[in-house]
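The values are calculated or read from the model by the stated rules, or taken from the named source; none is laboratory data. In this text the structure is predicted, and so the values were computed from the model without any measurement. Reconstructed Cβ throughout: ideal geometry from the backbone, glycine too, with neighbour counts over all protein chains shown.
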Amino acid sequence: MQNNNQKQDYYEVLGISRKADEEEIKKAYRKMALQYHPDRNPGDKEAEERFKEAAEAYEVLHDPEKRDLYDRFGHEGLKSTGFSGFGGFEDIFSSFGDIFEDFFGFGRRGRGGASRAREGADLRYDLSVTFMEAAKGKEMELKIPRMETCTVCQGNGLEPGTSPEYCPTCGGRGQVVQSQGFFRISTPCPRCHGQGQIISHPCPSCHGQGLVEQTRTLSIKIPAGISNGARLRFRGQGEGGSHGGPPGDLYVVVYVEDHDFFQREGDDVLCSLPISMIQAALGAEIEVPTLNNSKKLTIPKGVQNGQTLRLKGEGFPHLRGSGKGDQIIQITVKIPTHLNKKQEELLREFEELEKKKSGSRLAKLFS
């Protein structure tokens with residue numbers, strides 16, 4: 001590397017502004033690390049130098065304390081931290097093991113590789129329920145096909161009485177190292193897939209997978225008041241874990257079917273009630289369907305088309321807390337379309353009376 005007096009500005013090295021946030025800094029470094037990675041540029045001294053410069057710039061700018069010192073005092077300000085750059089690739093990779101695992105898909109592992117324990121996969125089950133089932137709740141049985149922990153080997157994949165062996169390819173480390181000049185890179189062992197162990201005698205029941213396919217019947221309760229698209233979580237009811245790992249979870253996604261008469265808005269139930277012109281004018285008492293049997297509804301005299309009436313507490317139960325929503329009834333006044341002669345005569349007589357009444361009111365207004 002160059003000495004401090006000749007070092008390039010760290011922001012210029014990464015091609016970012018002095019106001020760049022942490023994500024922008026990381027993104028810029030990732031781009032340069034990929035571009036000038038020694039493994040991609042074998043023997044290219046200029047690429048190696050750019051790679052080191054980028055690593056040094058990132059080391060300073062991603063650390064808030066070092067960045068503050070650099071912004072105020074430049075390269076000289078970093079001397080108090082003891083940082084003077086990287087001596088070589090080993091320094092870089094020891095400092096950035098986590099970020100290079102993100103970038104290039106490898107990291108360092110100790111002998112024995114990663115733990116073989118694997119948590120079971122989560123499962124999703126789409127369940128359709130009727131409008132009334134959503135309103136009242138229901139207990140149901142679901143048949144769930146899933147992979148379960150093998151009972152013969154207890155999920156370790158081994159034939160009973162046998163043990164796993166260290167992988168001869170990686171010596172049980174789970175990683176193999178490739179060297180290219182000064183650059184060394186570790187990758188997951190291709191034989192044991194990073195586990196560090198191999199199974200020479202697999203379980204005859206699960207063939208070494210630690211899991212077997214089963215269909216289980218699960219009893220669940222759909223709570224009253226559940227809404228369309230709601231997701232119910234059942235812990236430990238997903239697929240079984242392998243090699244001693246815990247089971248996953250089951251998510252039941254509920255879809256509520258439409259109803260011919262009712263609609264839902266929050267916890268309120270909406271419906272439309274057709275009444276005759278006479279009932280609208282004189283008022284009436286009508287039986288109205290609700291979620292729970294029928295209720296008597298009083299239609300007030302002179303109710304207008306489109307007006308809404310409310311039945312308290314006849315909606316969906318509140319999932320959180322007590323009580324229920326309401327049933328909101330929109331009045332639809334039906335106008336007769338086929339009248340006999342007598343009906344027409346009566347309506348015309350009614351019309352004449354209305355005209356006289358209107359005329360009398362107008363006369364009083366202007367008298």
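The listed residues are GLU65, GLU49, GLU12, GLU23, and the only one of them that is within 25 Å of GLN178 (Cβ to Cβ) and assigned to a helix (DSSP H, G or I) turns out to be GLU49. Regarding segment 90-99, can at least one residue be identified that is modelled with pLDDT under 85 and not in a helix (DSSP H, G or I)? Yes: one or more hits. When segment 248-265 is limited to residues that are surrounded by 11 or more Cβ atoms within 10 Å (Cβ to Cβ) and not in a strand (DSSP E or B), the one that is farthest from the chain's Cα centre (by Cα) turns out to be PHE261. If the condition is being assigned to a strand (DSSP E or B) and in contact with a Phe, Trp or Tyr (Cβ under 7 Å, 6 or more places away or on another chain), then segment 145-178 contributes no residue at all. Of the residues making up segment 1-16, those that are over 15 Å from LYS66 (Cβ atoms), at pLDDT 90 or above and in contact with a helix residue (DSSP H, G or I) (Cβ under 7 Å, 6 or more places away or on another chain) are GLY15, ILE16. Out of GLY238, GLY229, one residue alone is surrounded by fewer than 16 Cβ atoms within 10 Å (Cβ to Cβ) and in a loop (DSSP other than H, G, I, E, B). It is GLY229.
Entry remark, segment 270-291: residues being in contact with a helix residue (DSSP H, G or I) (Cβ under 8 Å, 6 or more places away or on another chain) and either more than 20 Å from VAL333 (Cα to Cα) or not in a strand (DSSP E or B) (or both) number 1 in total.
Picking from residues in segment 193-216 that are touching a residue at least 40 places away in the same chain (Cβ under 8 Å) and farther than 19 Å from GLY241 by Cα, the one that is surrounded by the most Cβ atoms within 10 Å (Cβ to Cβ) is GLY196. When GLN180 is tested against (1) under 22 Å from CYS150 (Cβ atoms); (2) at pLDDT below 80, just one condition goes unmet, and that condition is (1). Within segment 7-47, being among the acidic types (Asp, Glu) and surrounded by 14 or more Cβ atoms within 10 Å (Cβ to Cβ) holds for one residue alone: GLU24.
Quick check on segment 327-346. Is at least one of its residues in contact (Cβ under 8 Å) with a residue 60 or more places away in the chain, surrounded by 10 or more Cβ atoms within 10 Å (Cβ to Cβ), more than 30 Å from LEU211 (Cα to Cα) and among the basic types (Lys, Arg)? Within segment 327-346 (the criterion being in contact (Cβ under 8 Å) with a residue 60 or more places away in the chain, surrounded by 10 or more Cβ atoms within 10 Å (Cβ to Cβ), more than 30 Å from LEU211 (Cα to Cα) and among the basic types (Lys, Arg)), the answer is yes, since at least one residue qualifies.
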